[in-house]
1. Most mobile of Leu15, Leu284, Leu79 per a Gaussian network model of the chain (Cα springs, under 10 Å)?
2. Which values of log₁₀ I(q)/I(0), to two decimal places, follow from the Debye formula for the stretch 55-119 at q = 0.12, 0.25 Å⁻¹ with a uniform point scatterer at every Cα?
3. Report, please, the projected area of the chain averaged over directions, based on the convex hull of its C-alpha atoms, in nm².
4. Once the principal axes of the Cα atoms of the stretch 248-370 are found, what is the range along each, listed largest first in whole angstroms?
5. Provide Rg and Dmax in Å for the stretch 277-332, with only Cα atoms included in the calculation.
6. Grab every C-alpha pair in the stretch 71-218, bin the distances at 10 angstrom width from 0 up to the longest one, and report whole percents.
7. Mind jotting down the three principal axis lengths of the stretch 150-294 based on Cα atoms? Whole angstrom, largest first.
8. What percent antiparallel are the DSSP beta bridges of the stretch 226-370, to the nearest 5?
Amino acid sequence: MNKIYINRANIITPLGNSVEPNWEQLVLGNSGISKIDSFGHLKNFYAGQINDNQFRNLKEQVLNNEYYTRLEILGISSLFQIIDQSKINSKTGFVLSTTKGNINELSNSLEKASIPLFAQKIADYFGFKTEPIIVSNACVSGVLAVNIAKRFIEMDFFEDVYVLALDELTDFVLTGFNSFQAMDFEQCKPFDKDRKGVNLGEAAACVYISKKEESNAFQILGEATINDANHISGPSRTGEGLVLSIENALKEAHLTADKIDYISAHGTATIYNDEMETIAFNRLEMQDIPTNSLKAFFGHTLGASGLLELILAMKQAQENVVLKSLNYNELGTSVEQNIVKENLHKAVNYILKTSSGFGGSNAVIILKKV
């Protein structure tokens, strides 16, 4: 098999419009989550929201911006910073990850809420010559999109692929998670004994993947996606799908679990997700590996979350700093896990990124810093 690399990356979050300003805030322990007085049907809750001034600056840089929705502008603005339009050809792929897309348009037009239309508009902006590949598989979509891009390159279907993952804060999503009684109306606390649920957020994240190694590249060593079909919304109590996914990814990577330097967990701060993840890690004897969740920095950004957190896992490896799991004080799971309480300076060469979602879906990826 040819080696496949993640080369360029960019993110847009409430903390900034590229990786560097986000990193500066993360190291300081500053969160992009803030108190929101009113949004749709909900009042007085915490979420990660890109403010009007930040969005206005992004919109001004997009040509014919009135033609595009807010979410499309976030995606275009994110991709613009890493894309080389002059080298896009018939062997360049475009994979888009989202859970809800332009769901806000549904009340106005079924067509405008179409995810294929949404993806095609972004593809057309940059002149992609291939049909967009859409990944919409609950909250594993961001990691799964990278896994799928890697597989297409392995099969020589594409020579290189741009992956874009994005979702925005909407009344539909907020109301849905609230109906599940899965939201914390204060700041979320992943893995903590006092955790109550998620904060939600919005973001866009993108990467460029190819067989060619560029500067600051990460090699994709292994990946896997397994659905344990446990429940429509609740995770497996034994972590079965996540365990099998990690085992398969380690097998492909030709690594043993003890070689992993850092785990970027899904860590939604719900009672059941965090419990499931720690059980899965313990079953694989990975409980001593430094682990964090970035959900208290950005909220759960749905289809963007896996890629957003993967990009920041790469940044942590480049800087040899594992960020603290914000708002974590005391372990609240039935088994031990090395959740990072303060920024940890250590060599990070091998990363495991995990994600889990509704319907029993699980996706993981293992990267090597090169």
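The values are calculated or read from the model by the stated rules, or taken from the named source; none is laboratory data. These numbers come from a predicted model, not from an experiment. So basically every Cβ, Gly included, is an ideal-geometry build from the backbone, and we count neighbours across all protein chains shown. Each accessible area value is taken on the protein alone, full model and side chains, heavy atoms only, with ligands, DNA and RNA left out. Shrake-Rupley method; radii C 1.70, N 1.55, O 1.52, S 1.80 Å.
1. Leu284
2. One equal scatterer on each Cα of the stretch 55-119 leads to -0.36, -1.19.
3. Working: hull surface 65.8 nm².
Projected area, direction-averaged: 16.4 nm².
4. 35, 29, 29
5. According to the Cα coordinates of the stretch 277-332, Rg and Dmax are 12.3, 30 Å.
6. Whole-percent P(r) values from 0 Å outward: 11, 36, 31, 17, 6, 0.
7. 45, 36, 30
8. Working: 12 of 18 bridges.
Bridges in the stretch 226-370 that DSSP calls antiparallel: roughly 65 percent.
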